[in-house]
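Working notes, beginning with the structure itself.
The values are calculated or read from the model by the stated rules, or taken from the named source; none is laboratory data. Predicted model only: the values in this text are computed from it and were never measured. Using ideal geometry, Cβ is built from the backbone for each residue, glycine included, and neighbour counts are taken over all protein chains shown. With ligands, DNA and RNA removed, areas are computed over all heavy atoms of the protein, side chains included. Shrake-Rupley method; radii C 1.70, N 1.55, O 1.52, S 1.80 Å.
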Amino acid sequence: MKKTSIAIPIRIWLSLLEDLSARGKGERESGAFLLGKIGTANVTHFICYDDLDPTALDSGIIVFQGAGYVPLWKYCDQNTMMVLADAHTHGGSWTKQSWLDKTNPMIEMSGHIALILPHFAQDKSSSLRGVGIYEYRGNHKWKSWSPRSGKISLV
């Protein structure tokens with residue numbers, strides 16, 4: 001799953017922000033898996049956590065049950081897609097990883113990218129400014145990337 005850069009079309013990015021904002025209602029975390037066709041690094045679709053695990057947002061923070069991966073992998077298999085990244089929201093402008101974020105990667109595979117969006121995705125910006133970008137390196141180790149690094153690009 002080593003990729004140099006993931007491209008997210010602006011229309012998908014804005015749709016993701018709108019969806020996460022609505023699901024979190026400005027008061028709780030929400031999140032989604034960003035998907036693309038196998039062999040590409042272009043996001044073509046996303047699936048929100050609570051569409052896969054209806055209880056994922058119930059506690060205010062994301063608690064995604066393992067059973068939620070079954071429909072995710074089924075969808076990916078049926079549509080020749082793979083998970084390119086995941087995104088979830090935090091309240092306020094703090095987009096560092098919490099201890100729970102660091103110790104519970106959504107996809108525990110080296111090279112997986114995790115995005116943390118500020119203000120419960122209430123700010124509908126067509127830029128990555130303020131977004132936390134993290135690459136999982138295995139063994140609960142992460143590398144932080146700047147929004148200007150090119151690791152993620154909005155196209």
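Annotation: per residue accessible area for region 48-98 equals 49 Å², rounded to a whole number [probe 1.4 Å, protein chains only].
Modelled spin-label separation between residue 58 and residue 142, with each label point placed 7 Å from Cα along the Cα-to-Cβ direction: 2.6 nm. Close amide H pairs (under 5 Å, H built 1.01 Å from N) link residue 137 with 111, 142, 143, residues at least 5 positions away or on another chain. Compactness of region 52-131, taken as the C-alpha radius of gyration over 2.2 N^0.38 Å, stands at 1.18. Given R0 = 22 Å, the distance between the Cβ atoms of residue 14 and residue 93 translates into a calculated FRET efficiency of 0.65. Taking label positions 7 Å along the Cα-Cβ direction at both residue 70 and residue 5, the computed distance is 4.0 nm, reported to one decimal.
The sum of -39500 (n - 2.57) across all DSSP H runs of n ≥ 4, divided by the residue count of the chain, sets its helix-only mean residue ellipticity at 222 nm to -6000 deg cm²/dmol. When each of the peptides 74-84, 135-145 is scored by the mean number of other C-beta atoms lying within 10 Å of its residues, the order from highest to lowest reads 74-84, 135-145. Taking 0.36 nm per residue of sequence separation and removing the Cα-Cα distance, the residue 126/residue 22 pair yields an extension gain of 35.7 nm. Semi-axes of the equivalent ellipsoid for the chain, computed as √(5λ) from the eigenvalues of its C-alpha gyration tensor and ordered from largest down, come to 19, 18, 16 Å.
Note on region 1-114: with neighbouring protein chains present and a 1.4 Å probe, carbon and sulfur make up 56 percent of its accessible heavy-atom surface.
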